[in-house]
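**Student:** Once you've had a glance at the structure underneath, I'll fire off some questions.
The values are calculated or read from the model by the stated rules, or taken from the named source; none is laboratory data. Given the structure is predicted, the values throughout are model-derived calculations rather than measurements. So basically every Cβ, Gly included, is an ideal-geometry build from the backbone, and we count neighbours across all protein chains shown. Only protein heavy atoms, including side chains, enter the accessible area calculation; ligands, DNA and RNA are left aside. Shrake-Rupley method; radii C 1.70, N 1.55, O 1.52, S 1.80 Å.
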Amino acid sequence: MLDSRRLAAAALLLLPAGLMAYFAFNSGGFYPQVPAYAAIILCVALLIRSLAGSPFEGAGWVLGAGTVLFGSYVLLVLVSQAWSHAPGRAAVEFDRALVYLAALVLFGSIGRTRLRMVWLLRGLLAAIFVICTSGLITRVLPHLWPTTPALANDRLSFPVSYWNAEGLVAAFGLILCVHFSSDRREHPVSRVLCAAAAPILAATLFFTFSRGAIGVTAIGVVAYLLVGRPRLWLSALIAIGPPTAVALKLCYDANLLATLDPTTAGGVSQGHRVAVAVAVCAVAAALLRALLSLTVDRVLTRVRLPDAHRRRVMASIWGVLAVAVIVALVGLRGTIVHEYHGFTSPARPGGGSADLRARLTDPGNDGRFPVWRVAWHRFQAHPVLGQGAGTFENSWDRYRLDGSYFVVNAHSLYLENLDELGIVGLVLLVALFLLVFAVTLARARGPDRPVYAAAFAVMLAWAIHAGVDWDWQMPVVTIVFFSLGGFALARSAPTTAAARATEDRRAPSSFARSMIGIGCVLLAAAPTYMWLSQRDLSDASSSFNAGDCRSATDAASSSISILGNQAQPYEILSYCDVRADKPQLAITMMDKAVSLDPNDWNYRYGLAIMEAAAGQDPRGAARRALSLNPRESLVQEEFKTLNQAKPSQWSQDGYTLAQSTTTLRR
């Protein structure tokens, strides 16, 4: 019984690593089909766990409070369909939020012990190492692992597909490497291996050229050292620091790998040298850490200050840090003001230089201010409950002042929540975050302090980075927060036979387990429908883009039959109908798409095309499309063409526009 319980807990503790790897190699989990599938997996895991002997040994009032807070948030996402102009978008967002809720509950149901937290972090670090090493190989050894240039080849993004998320994955890894290399309770082999991994992860982070990820790496490491106060921090930093610095210097000097095309002959040659150099630095870090384990670590583990002296030392350290921060703020006042003005400048980081290294020292906000401004203004229009989950894309299209770029998310979890779910949504989310941080810090005491400090530092890095990017829509990084957060909120596992017997007695009855199991099955229904529908929709989009309208029509019809609240399959059917010379049926299909998402300019744009092809007046639909996205050149051209054309030309122009639409933006 005990062995089976340990095996079940071990399998669950490795599940976050498996999910992270799955998300990473599927575009970070961004597209709806991937989180829907993950939600099914987590619901099934909850179902299996509910049938176990002690399914919720980690459940207590703290986990209950977190579940109520975040469960209320997820429910708000779902019911926002009632006031949203696009209910289908809220359904997609609900599936993503359901993944995070299921992770919070599932990993919170495991009785908490230090060893279990250690294995959870080890699993995550192993997944991170695989993800980052895979990405680094595609940059420095592209002939071994070639990738398509469609994956934004200028900045390292494989396999996650988004460079900033890839950088954040590496940031998590570096924080954990520092932890495992400096925790005296870790096996020396583990300390050596984690020191060796640091230069590889740092090289991956560098080639993403992600300033935000670099910044939160520094914040996370400092937070870990201050909160965890690991006994072997000095020897860990000595082993990791110099080899990692050398690796980064060599990466920086490889100028051809920092261009828009790093796969030129010269770039490939530099990549080979960087690969060898990073490998040598990893070996050097391992050897240095092993040497320090045999010498310095033995001294540091024996040295222990009395409690009174230790408190005075810590107070002195905090005092010195406070004075240093104050002096730095005063002395660098002019520099801070200058950097702030640089951050608020609309110019692109690096001044648009083809050398991506230039952006690393440029504080420019990379176009985020206009995006944040739109989110804030739309929140002011609907301050309590927002406009509905997933609708920011429409807000940006309509109210942006710059027509040069396409945005789906607000590049800030907190501002996007204000826009889409109002102050209620933000309060629920922030309250959960504060609870997780407070409880994790409370756990970071005594001999268990370093391991919980590591979890705190990783989650802190995520929460800060999520404020300036769309990490919420990238489950590859967000699943880490909710897995660690759920486990931190859990109760301690029973450690004695008497405590385990008591835990078994308070386990839910067979009837209660059956009800919980039924609830898990019902909860899995929504993501199952979403996964099946999105699978067919993906097939429909691929077939349409390949010019195969017959297959596209079959797949789109199948998607609608499974889940009919998405507008995209109706759009595909409409374009295929007009190509089959059925303009009236095309109008019907596009009208349905408009009714499901009336504020999306794509469908109004398409409706104008279908009406023109049918010989009807398309100017009203074209004008409405222009009002929904006035900065879009495609809409401007359509309105100009149809507005100036004679009625006798509408049909010809409509068919011409329909034939020229070979790829839908989604």
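**Student:** Criterion first (in a loop (DSSP other than H, G, I, E, B) and hydrophobic (A, V, I, L, M, F, W, C)) does LEU385 satisfy it?
**Tutor:** So LEU385 passes the test.
**Student:** Further question on the same structure: Those residues that are touching a Phe, Trp or Tyr at 6+ places or on another chain (Cβ under 8 Å) and of a type in the set (A, V, I, L, M, F, W, C), I need them from region 177-192; list them, please.
**Tutor:** Once the filter is applied, which keeps residues that are touching a Phe, Trp or Tyr at 6+ places or on another chain (Cβ under 8 Å) and of a type in the set (A, V, I, L, M, F, W, C), region 177-192 yields only VAL178.
**Student:** For region 192-211, give me each residue that is open to solvent by 50 Å² or more (accessible area, probe 1.4 Å) and within 17 Å of LEU360 (Cα to Cα). Break it down into steps so the answer makes sense when it comes.
**Tutor:** Taking region 192-211 and keeping what is open to solvent by 50 Å² or more (accessible area, probe 1.4 Å), we get 193, 211.
Across region 192-211, the qualifying residue is only ARG211.
**Student:** Which of the residues that make up region 264-286 are within 15 Å of ILE200 (Cβ to Cβ) and open to solvent by 30 Å² or more (accessible area, probe 1.4 Å)? Please lay out each step first, then the result.
**Tutor:** Narrowing region 264-286 to residues within 15 Å of ILE200 (Cβ to Cβ): 271, 274-286.
Of everything in region 264-286, those that are within 15 Å of ILE200 (Cβ to Cβ) and open to solvent by 30 Å² or more (accessible area, probe 1.4 Å) turn out to be VAL276, ALA279, VAL280, VAL283, ALA284.
**Student:** Right, something else. Could you grab me the full set of residues in region 435-490 that are under 13 Å from LEU104 (Cβ atoms) and among the hydroxyl-bearing types (Ser, Thr, Tyr)?
**Tutor:** THR478, SER483
**Student:** Only one of ALA38, ALA127, ALA103 is open to solvent by less than 20 Å² (accessible area, probe 1.4 Å), in contact (Cβ under 8 Å) with a residue 40 or more places away in the chain and under 27 Å from ALA442 (Cβ atoms); which?
**Tutor:** Working: ALA38 fails: under 27 Å from ALA442 (Cβ atoms); ALA127 fails: under 27 Å from ALA442 (Cβ atoms).
From the options ALA38, ALA127, ALA103, the qualifying one is ALA103.
**Student:** Across region 70-100, which residue is surrounded by the fewest Cβ atoms within 10 Å (Cβ to Cβ) among those that are in a loop (DSSP other than H, G, I, E, B) and in contact with a Ser or Thr (Cβ under 8 Å, 6 or more places away or on another chain)?
**Tutor:** Going residue by residue through region 70-100, those that are in a loop (DSSP other than H, G, I, E, B) are 83-86.
Checking the rest, the ones that are also in contact with a Ser or Thr (Cβ under 8 Å, 6 or more places away or on another chain) come to 84-86.
On the way: SER84: 23, HIS85: 14, ALA86: 24.
Here the residue is HIS85.
**Student:** To continue, here is another question. Which count do you get for residues in region 548-576 that are of a type in the set (Asp, Glu) and not in a helix (DSSP H, G or I)? Lay out the reasoning, then the answer.
**Tutor:** Here is the first cut: in region 548-576, the residues of a type in the set (Asp, Glu) are 548, 554, 571.
Applying the additional criterion that residues be not in a helix (DSSP H, G or I) yields 548.
Residues in region 548-576 being of a type in the set (Asp, Glu) and not in a helix (DSSP H, G or I): 1 in total.
**Student:** LEU7 is checked against (1) assigned to a helix (DSSP H, G or I); (2) touching a helix residue (DSSP H, G or I) at 6+ places or on another chain (Cβ under 9 Å) and fails just one. What number does that condition carry?
**Tutor:** It is condition (2) that LEU7 fails.
**Student:** Right, something else. Please pick out the residue among SER542, SER558 that is surrounded by fewer than 22 Cβ atoms within 10 Å (Cβ to Cβ) and either in contact with a Gly (Cβ under 7 Å, 6 or more places away or on another chain) or at pLDDT 95 or above (or both). Give the steps one after another, and end with the answer.
**Tutor:** Numbers: SER542 fails: either in contact with a Gly (Cβ under 7 Å, 6 or more places away or on another chain) or at pLDDT 95 or above (or both).
That would be SER558, the only listed residue that is surrounded by fewer than 22 Cβ atoms within 10 Å (Cβ to Cβ) and either in contact with a Gly (Cβ under 7 Å, 6 or more places away or on another chain) or at pLDDT 95 or above (or both).
**Student:** May I pose another question? Checking the structure you have, find out if any residue of region 182-189 is part of a helix (DSSP H, G or I), in contact (Cβ under 8 Å) with a residue 40 or more places away in the chain, buried (at least 20 other Cβ atoms within 10 Å of the Cβ) and not basic (Lys, Arg).
**Tutor:** The first filter runs over region 182-189 and keeps only residues part of a helix (DSSP H, G or I), leaving 182, 188-189.
Now drop any that are not in contact (Cβ under 8 Å) with a residue 40 or more places away in the chain, which leaves 182, 188.
So of that shortlist, the ones also buried (at least 20 other Cβ atoms within 10 Å of the Cβ) come out as 182.
Filter once more, keeping what is not basic (Lys, Arg): 182.
Yes - at least one qualifying residue is present in region 182-189.
**Student:** Of the numbered conditions (1) under 21 Å from the mean Cα position of the chain (by Cα); (2) part of a helix (DSSP H, G or I); (3) in contact (Cβ under 8 Å) with a residue 60 or more places away in the chain, PHE206 fails exactly one; give the number of that condition.
**Tutor:** (3)
**Student:** Go through (1) over 21 Å from the mean Cα position of the chain (by Cα); (2) open to solvent by less than 10 Å² (accessible area, probe 1.4 Å) one by one and return the number of the condition ARG112 breaks.
**Tutor:** (2)
**Student:** Considering every residue within region 423-434, establish whether at least one is out of contact with any strand residue (DSSP E or B) (no Cβ under 6 Å at 6 or more places or on another chain), farther than 19 Å from VAL77 by Cα and modelled with pLDDT of 90 or more. Write out each step before concluding.
**Tutor:** Taking region 423-434 first, the residues out of contact with any strand residue (DSSP E or B) (no Cβ under 6 Å at 6 or more places or on another chain) are 423-434.
Subsequent filtering for residues that are farther than 19 Å from VAL77 by Cα retains 434.
Filter again for modelled with pLDDT of 90 or more, leaving 434.
Looking through region 423-434, at least one residue is out of contact with any strand residue (DSSP E or B) (no Cβ under 6 Å at 6 or more places or on another chain), farther than 19 Å from VAL77 by Cα and modelled with pLDDT of 90 or more.
**Student:** Identify, please: which residue in region 624-652 is free of Cβ contacts under 8 Å to residues at least 40 places away in the same chain and within 14 Å of VAL594 (Cβ to Cβ) and is, among those, surrounded by the fewest Cβ atoms within 10 Å (Cβ to Cβ)?
**Tutor:** So the residue we want is ARG624.
**Student:** Output yes when any residue across region 32-39 is closer than 24 Å to ALA431 by Cα, β-branched (Val, Ile, Thr), out of contact with any Cys (no Cβ under 6 Å at 6 or more places or on another chain) and assigned to a helix (DSSP H, G or I), and no when none is.
**Tutor:** no
**Student:** Working only within region 212-234, note down all residues that are in a helix (DSSP H, G or I) and either open to solvent by 60 Å² or more (accessible area, probe 1.4 Å) or polar (S, T, N, Q) (or both).
**Tutor:** Here is the first cut: in region 212-234, the residues in a helix (DSSP H, G or I) are 212-228, 233-234.
ILE214, THR217, ILE219, VAL222, TRP233, LEU234, listed by residue number.
**Student:** May I ask you to list the residues in region 596-621 that are over 12 Å from SER574 (Cβ atoms) and surrounded by fewer than 24 Cβ atoms within 10 Å (Cβ to Cβ)?
**Tutor:** Selection gives LEU596, PRO598, ASN599, TRP601, GLY615, GLN616, ASP617, ARG619, GLY620.
**Student:** Okay, next question. Within region 17-27, is there a residue that is open to solvent by less than 50 Å² (accessible area, probe 1.4 Å), more than 21 Å from ALA512 (Cα to Cα) and modelled with pLDDT under 95?
**Tutor:** Step one: list which residues in region 17-27 are open to solvent by less than 50 Å² (accessible area, probe 1.4 Å), which gives 17-21, 23-24, 27.
If we keep only those that are more than 21 Å from ALA512 (Cα to Cα) too, we end up with 17-21, 23-24, 27.
In the following step, the residues that additionally are modelled with pLDDT under 95 were identified as 27.
Checked region 17-27: at least one residue is open to solvent by less than 50 Å² (accessible area, probe 1.4 Å), more than 21 Å from ALA512 (Cα to Cα) and modelled with pLDDT under 95.
**Student:** For region 438-496, what are the residues that are touching a helix residue (DSSP H, G or I) at 6+ places or on another chain (Cβ under 6 Å), more than 20 Å from TRP233 (Cα to Cα) and not in a helix (DSSP H, G or I)?
**Tutor:** Answer for region 438-496, where residues must be touching a helix residue (DSSP H, G or I) at 6+ places or on another chain (Cβ under 6 Å), more than 20 Å from TRP233 (Cα to Cα) and not in a helix (DSSP H, G or I): ALA466, GLY467, VAL468, ASP469, MET474, ALA490, PRO494.
**Student:** Now a separate question. Looking at TYR575 and the list (1) under 21 Å from GLY390 (Cα atoms); (2) aromatic (Phe, Trp, Tyr); (3) open to solvent by less than 10 Å² (accessible area, probe 1.4 Å), which single condition is not satisfied?
**Tutor:** Condition (1) is where TYR575 drops out.
**Student:** A further question follows. Consider LEU121 carefully, then state whether it is assigned to a helix (DSSP H, G or I), open to solvent by less than 10 Å² (accessible area, probe 1.4 Å) and either touching a Leu at 6+ places or on another chain (Cβ under 7 Å) or more than 30 Å from ASP597 (Cα to Cα) (or both). Explain how you work it out, then say what you get.
**Tutor:** On the way: assigned to a helix (DSSP H, G or I): yes; open to solvent by less than 10 Å² (accessible area, probe 1.4 Å): yes; either touching a Leu at 6+ places or on another chain (Cβ under 7 Å) or more than 30 Å from ASP597 (Cα to Cα) (or both): yes.
For LEU121, the condition - assigned to a helix (DSSP H, G or I), open to solvent by less than 10 Å² (accessible area, probe 1.4 Å) and either touching a Leu at 6+ places or on another chain (Cβ under 7 Å) or more than 30 Å from ASP597 (Cα to Cα) (or both) - is met.
**Student:** State whether one or more residues within region 46-69 are within 18 Å of the chain's Cα centre (by Cα), crowded, with 21+ Cβ neighbours inside 10 Å and assigned to a helix (DSSP H, G or I). Outline the logic, then answer.
**Tutor:** Restricting attention to region 46-69, the residues satisfying the condition of being within 18 Å of the chain's Cα centre (by Cα) are none.
No, there is no match, as no residue in region 46-69 is within 18 Å of the chain's Cα centre (by Cα), crowded, with 21+ Cβ neighbours inside 10 Å and assigned to a helix (DSSP H, G or I).
**Student:** Among the listed residues LEU256, LEU237, which satisfies the condition of being in a helix (DSSP H, G or I), farther than 27 Å from TRP119 by Cβ and open to solvent by 30 Å² or more (accessible area, probe 1.4 Å)? Give the derivation first.
**Tutor:** On the way: LEU237 fails: farther than 27 Å from TRP119 by Cβ.
Selected residue: LEU256, the only one of LEU256, LEU237 that is in a helix (DSSP H, G or I), farther than 27 Å from TRP119 by Cβ and open to solvent by 30 Å² or more (accessible area, probe 1.4 Å).
**Student:** Can you say whether GLN534 is modelled with pLDDT under 95, assigned to a helix (DSSP H, G or I), over 23 Å from GLY654 (Cβ atoms) and open to solvent by less than 40 Å² (accessible area, probe 1.4 Å), as far as the supplied structure shows? I'd like the intermediate steps shown before the answer.
**Tutor:** Values: modelled with pLDDT under 95: yes; assigned to a helix (DSSP H, G or I): yes; over 23 Å from GLY654 (Cβ atoms): yes; open to solvent by less than 40 Å² (accessible area, probe 1.4 Å): yes.
Criteria met by GLN534.
**Student:** (1) modelled with pLDDT of 85 or more; (2) aliphatic (A, V, I, L, M); (3) open to solvent by 50 Å² or more (accessible area, probe 1.4 Å): which one isn't true of VAL451, the others all being true?
**Tutor:** Going through the list (1) modelled with pLDDT of 85 or more; (2) aliphatic (A, V, I, L, M); (3) open to solvent by 50 Å² or more (accessible area, probe 1.4 Å), VAL451 breaks only (3).
**Student:** Considering only region 54-92, how many residues are under 17 Å from THR478 (Cβ atoms) and at pLDDT below 95?
**Tutor:** Looking only at that region, the number is 1.
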